[in-house]
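Scroll down for the structure; my scribbles are underneath it.
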Amino acid sequence: MKERLVVIGNGMASLRFLERLTERAPGRYDVTVVGAEPQAAYNRVLLSSLLGGEVDEAACAFRGLDWYEAHGIRLITGAPVTQIDRENALVMVGETHVLPFDKLVLAVGSLPIRLPKPGMDLPGIITFRDLADVAAIRKAAVTGAKAIVIGGGLLGLEAAVGLARLGVDTTLLHVMDRLMERQLDHHAAGLVKRAMESRGVRVLLKADTAHVEGDGRVERLVLSDGTVLPADLVVMSVGVRPNAVLAQGAGLDVGRGIKVDDRMTSSDPRIFALGECAEHRGMVYGLVEPAYDQAEVLSRHLVGEEAAYLGTSLATSLKVSGLPVFSAGEIEAPEHAETVVMSDPGLGLYRKLIIGDGKLLGAVFVGDIAEQGWCKTLIRTGEPIADHRDDLMFGRVHAPDSQSLAA
């Protein structure tokens, strides 16, 4: 008999794992996938485009139900898992359904954080995480509405741009002194702020939310300095935390996330975790690329191949209001490292390289990010860059691609 493999979660990490598993060993496992959302896996990266009306919901879909059926995968949607019974190797779906397993994969993602401030439970305060959130935001974003987005990270910027595209009066609040402070230095963040403002988004930095007020629904937001901002809608985008509730209830080792080894195995050798819910070597990743890397490793491991996940070198590549932005590795020079900067404010171009011991330690690009793949490879491999400095700074027509460098 085939081993029974149950996958909890049907997001981007889960689907990538299933794709790789079925490519390597079609029909090896009896696979059941359980997703809490009513839809099959979709592209969360497109949520801001969906919010702003640039794409429709169909464009966000990955695989149709026929793909799951063709690969012998039993898909259950709209059904949250309520308990894992490790002793009897059972997964409880809802109140009545029970799924036995031989191997179990947790790909349950993360949960949006809500600020622990008064008034945050009022109607009209919405997180920005899934299709249901997008639908709720669009319903509240009526003509003449005033929207406030809390959080100057990637998701917050995307939510604010999406609302502005709908013609909503939008204000973005960020408690730090610059946007995307984990990925951008002050100069790059300033260019992003300018791009946001050019699209009609008002940006307030060092803006600490004190509380939200309203009679039965949000009406105003008050900052810690006493500033009062009228609001019909507040979008909360202040970060996420790994969803480890099921794992904790099952007695698995949990830190910030579900602790896994280099083969994505939890403290129970039958149970694995990947994506935003997993903690590997003390790191919790909230990005797609590490989740895909982990899915690759786990799929190989479950078909008997040697594979180990050693971590992912993080990089950010996006467009903010049409402005290309790239960041990888260090964004500020550590001691004894060198900083090389090229800036053309008139054209909105900025490049910064962090170099140490003749190697590329980090890069921040705004406006022209053509060499992003090259930079990622150089940071990952540690190849000397003495012959590439000018090309990295000013670009060249035929920069080596990452595959040729890695060969």
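Bear in mind these aren't lab numbers, they're just calculated from the coordinates by the rules spelled out. Predicted model only: the values in this text are computed from it and were never measured. Note that we place each Cβ from the backbone using ideal geometry, even for glycine, and neighbour counts take in every protein chain shown.
DSSP beta bridges in region 1-131, what fraction antiparallel, as a percent rounded to 5?
40 percent
From the square roots a ≥ b ≥ c of the eigenvalues of the alpha-carbon gyration tensor of region 296-402, which class results: rounded (a/c under 1.5), prolate (a/b over b/c), or oblate?
The shape class here is prolate.
Net charge around Ala307, counting only other residues with Cβ within less than 10 Å of its Cβ (Lys, Arg = +1; Asp, Glu = -1)?
Net charge around Ala307: -2.
How far, in nm, would the chain grow between Asp30 and Ala135 when pulled straight, counting 0.36 nm per residue and subtracting the alpha carbon separation?
Extending this stretch completely gives an extra 34.3 nm.
Does region 172-226 come out rounded, prolate or oblate, given a ≥ b ≥ c as the square roots of the eigenvalues of its C-alpha gyration tensor, rounded meaning a/c under 1.5 and, failing that, prolate meaning a/b above b/c?
Judged from the Cα gyration tensor, region 172-226 comes out prolate (a/c at least 1.5, a/b above b/c).
Taking the number of other C-beta atoms within 10 Å as the exposure measure, put Leu298, Leu246 in order starting with the fewest.
Listed from fewest to most nearby Cβ atoms, that is Leu246, Leu298.
Please report the spacing between the Cα centers of region 266-325 and region 43-72 in Å, no decimals.
Here the two parts' Cα centres lie 21 Å apart.
Just tell me which lysines come within less than 20 Å, Cα to Cα, of Lys2; anything on the same chain fewer than 8 places away is out.
By straight Cα distance, Lys2 reaches Lys103.
Per DSSP H run of n ≥ 4, the term is -39500 (n - 2.57); total these for the chain, divide by its residue number, and report the mean residue ellipticity at 222 nm rounded to 500 deg cm²/dmol.
-7000 deg cm²/dmol
When we measure straight from the Cα of Lys139, which lysines land under 17 angstrom away, once same-chain ones fewer than 8 places off are left out?
Counting by Cα, and skipping residues close in sequence, Lys139 has no lysines nearby.
Starting from the Cα of Ser317, step 7 Å along the direction of its Cβ; do the same at Asp208; then give the gap between the two resulting points in nm.
Result for the modelled spin labels: 3.8 nm.
Once the Cα atoms of region 125-236 are picked out, what are the Rg and Dmax in Å?
13.3, 42
How about Lys206: which lysines have a C-alpha closer than 18 Å to its C-alpha, ignoring those fewer than 8 places off in the same chain?
Lys117, Lys193
If you rank Ser14, Ser267 by fewest surrounding Cβ atoms within 10 Å, what's the result?
Least to most surrounded, the residues fall as Ser267, Ser14.
Under 5 Å between amide H atoms, partner at least 5 residues away or on a different chain: which partners does Ile113 have, H built in plane at 1.01 Å?
Placed amide hydrogens put Val238, Gly239, Val240, Arg241 under 5 Å from Ile113.
By the gyration tensor of its Cα atoms, with a ≥ b ≥ c the square roots of the eigenvalues, what is the shape of the chain: rounded for a/c under 1.5, prolate for a/b over b/c, or oblate?
oblate
Around Lys193, what is the net charge, scoring Lys/Arg as +1 and Asp/Glu as -1 over all other residues with Cβ under 13 Å from its Cβ?
+1
Within the set of other residues whose C-beta is less than 13 Å from the C-beta of Ala141, count the net charge using Lys and Arg as +1 and Asp and Glu as -1. Walk me through the numbers on the way to the answer.
Values: positive: Arg138, Lys139, Lys146, Arg165; negative: Asp133, Asp169, Asp232.
Summing Lys/Arg as +1 and Asp/Glu as -1 gives +1.
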